[in-house]
Amino acid sequence: MALFKYNGEWLQERRGSLIGAILNSVVARNEQGSRVARRGRRFPRNLLKPRFFRWLLLLLAVLFFCVFATFVLKLLSNGNEEEKHLPLSGEELEQVSSYDAPLTPPKSKRRKQHFPCEVGLAAAVDNILEPKNYMNFTQFSLEYVEREVNPHANSPQSRFGGYQTLNEREKSFLARNQTIHCGFVKGMSRLSSPGFELSENDKAYMNTCRVAVSSCIFGSSDFLRRPTSRLISDFSKKNVCFVMFMDEQTLSKLSSEGHTPDEKGYVGLWKIVVVRNLPYLDMRKTGKVPKFLSHRLFPSSRYSIWLDSKMRLNTDPMLIIEFFLWRMRAEYAISNHYDRHCVWEEVLQNKRLNKYNHTAIDEQFMFYQSDGLRKFNPSDPNTPLPSYVPEGSFIIRAHTPMSNLFSCLWFNEVDRFTSRDQLSFAYTYLKLTRMNPDKPFHLKMFKVILHFHMDCERRALAKLFRHRLLSSPPPP
């Protein structure tokens, strides 16, 4: 028992005394402080210091910069040097999400991806030379109907394709000296115009072209995609005509996006040629005029390349002509379709996606079957083509008589039936070769890697995008 001294006397400690109360109070405060200290260790004081917040903000800023830099690099990766100083347009935004995949039905959950393959092009334009006697293909003379004289025509008004009778159509498939319908047909009236009107200056320019690369945009249906200038040789820039056909509506739209022609009418390498009085209400069908009739638009040209507006040319055109025409001894080259090879499949796909009026498709398809069209059989060693369905966005042509005849015949089918030219390609080719067995037509289709069904050579020559929008709804 503890003792304490009071007025010289030692007394016993009593419980509840003042000192005990003081001691108990001190112990209680110490215990409470210990609990507070232990609770404080769960939340370090560093968290409350301003320096911590500065480091946290710096870390977040670094992460945001990395994400933003990745987005910008991806946005600019598909552009070319000519366009990098232009203001951003819808095309650049489109490139971020675009990839080369075929159009699939809405029910498809995933799109197939297709990639380019290596093409054995020459190293440079300086190393190529047109072979001697290259143009020594089937020879005959073609002339074209300029004014409709058919008294049985249903209307005296002009129609761009003319009023070709079935008898005239049948005879036109013969490879011989003849005058055939091939667009630009004036009506019986002297004042009539077939449409697709060009200025005299543009006609004069196009008449000087010996090699032409052409494309078109009608109804503001696409973006303007310039050829990649750094991949085009100086020789081609000086000797090849790069012509982009468009209507006034499209010119206005593209000018608002920063693609304004200079004083000579150029946007990059493209010479802008404005078309007035469009021949068809269907913008797709109007686009078939420059696609198929380059030999009529460029009457002095020996070669032409057609490039769909959804593609950007990434290869020198002379190297393309050397590889696909000169080296292959071909006078017409076109790509296989990436997925389909039979017209039966193409008919079903066009209906499934409502690409055109179903009744019009059925009428065309039944007509072709009645005239001998059969299903594509890949196992048949005598099949005349590796595919009956083309991917017509890229065409290389020598302007030979057979090539010109085939182009006119194919255009006449599009003019007579639907604008879906993939439906009429095989029929036109097979009928032409069947009716002229002793006059070969040297048509090459770009090779396809069978395991993946890819028109990989076309993708190696040009970058593929998606159209801006449908130029017009399918005809009723």
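Describe numerically, in nm with one decimal, the distance between label points set 7 Å from Cα along Cα→Cβ at ASN127 and at ALA204.
With each label point 7 Å from Cα toward Cβ, the separation is 4.1 nm.
Quote the accessible area belonging to CYS342 in square angstrom, nearest 10, computed with a 1.4 Å probe and with ligands, DNA and RNA left uncounted.
10
For GLU363, what is the net charge nearby, where nearby means another residue's Cβ is under 14 Å from its Cβ and Lys, Arg count +1, Asp, Glu -1?
Values: positive: LYS351, ARG416, ARG420; negative: ASP362, ASP371, GLU413.
That works out to 0.
Karplus couplings for segment 161-177 from phi (6.51 cos²θ - 1.76 cosθ + 1.60, θ = phi - 60°), rounded to Hz, Gly and Pro as x?
Ordered by residue, 3J(HN,Hα) equals x, x, 10, 6, 7, 5, 5, 5, 4, 4, 5, 5, 7, 7, 7, 7, 5 Hz.
Find, among the trypsin sites (Lys or Arg not before Pro) in segment 329-396, those assigned to loop by DSSP (not H, G, I, E, B) with at most 15 other beta-carbon atoms within 10 angstrom.
Details: sites: ARG329, ARG340, LYS351, ARG352, LYS355, ARG374, LYS375; in loops: ARG329, ARG340, LYS355, ARG374, LYS375.
Loop-located and lightly packed - ARG329, ARG374, LYS375.
Applying 1/(1 + (r/R0)^6) with R0 = 56 Å to the Cβ-Cβ distance of ASN354 and SER255, what FRET efficiency is obtained, to the nearest 0.05?
Details: r = 33 Å, r/R0 = 0.58.
After rounding, the FRET efficiency stands at 0.95.
So what does HIS358 come to for accessible area, using a 1.4 Å probe and Å² rounded to 10?
Near enough 70 Å² of accessible area.
Rounded to the nearest 0.05, what FRET efficiency do GLU363 and MET188 give with R0 = 22 Å and r taken as the Cβ-Cβ distance? Could you check? Each step should come with its number before you reach the end.
Values: r = 28 Å, r/R0 = 1.25.
Once the sixth-power term is evaluated, E becomes 0.20.
What residues qualify as long-range amide H neighbours of GLY219, i.e. H under 5 Å apart, gap of 5 or more or another chain, H built at 1.01 Å from N?
Here the answer is ASP247, THR250, since their amide H atoms fall under 5 Å of that of GLY219.
Relative to the present Cα-Cα distance, how much length would full extension add between ARG434 and GLU248 at 0.36 nm per residue of separation? Each step should come with its number before you reach the end.
On the way: separation 186, 0.36 × 186 = 66.96 nm, distance 4.26 nm.
Here the segment from ARG434 to GLU248 would lengthen by 62.7 nm.
Between ASP380 and ARG169, how high is the FRET efficiency from 1/(1 + (r/R0)^6) when r is the Cβ-Cβ distance and R₀ = 41 Å? Nearest 0.05.
Working: r = 28 Å, r/R0 = 0.69.
E between ASP380 and ARG169, to the nearest 0.05, is 0.90.
At 1.4 Å probe size, what's the solvent-accessible area of TYR144? Round to the nearest 10 Å².
50
Between PHE65 and ASP262, what is the spin-label point distance in nm, taking each point 7 Å from the Cα along the Cα→C-beta axis?
Result: 3.8 nm between the two label points.
What is the set of long-range amide H partners of PHE446 at a cut-off below 5 Å, with H atoms built 1.01 Å from backbone N?
For PHE446, whose amide H was placed from the backbone, the distant partners under 5 Å are ILE334, SER335, ASN336.
Could you check the spin-label model distance between ARG54 and GLU197? Points 7 Å from the Cα along Cα→Cβ, value in nm.
7.4
Near LYS375, within a Cβ-to-Cβ distance under 13 Å, what is the net charge of the other residues, with Lys and Arg +1 and Asp and Glu -1?
Values: positive: ARG340, ARG374; negative: GLU345, GLU346, ASP380.
Once all neighbours under 13 Å are counted, the net charge is -1.
Determine ³J(HN,Hα), in whole Hz, for all residues of segment 301-315 in sequence, where each value follows from phi through the Karplus function 6.51 cos²θ - 1.76 cosθ + 1.60 and θ = phi - 60°; x replaces Gly and Pro.
Each residue of segment 301-315 in turn: 7, 8, 9, 8, 10, 9, 10, 5, 5, 7, 10, 10, 6, 10, 9 Hz.
The values are calculated or read from the model by the stated rules, or taken from the named source; none is laboratory data. Bear in mind the structure is a predicted one, so any value in this text is a computation, not a measurement. All Cβ positions, glycine included, derive from the backbone under ideal geometry; neighbour counts span all protein chains shown. When the accessible area is computed, the model is the full protein with side chains, heavy atoms only, and any ligands, DNA or RNA have been set aside. Shrake-Rupley method; radii C 1.70, N 1.55, O 1.52, S 1.80 Å.
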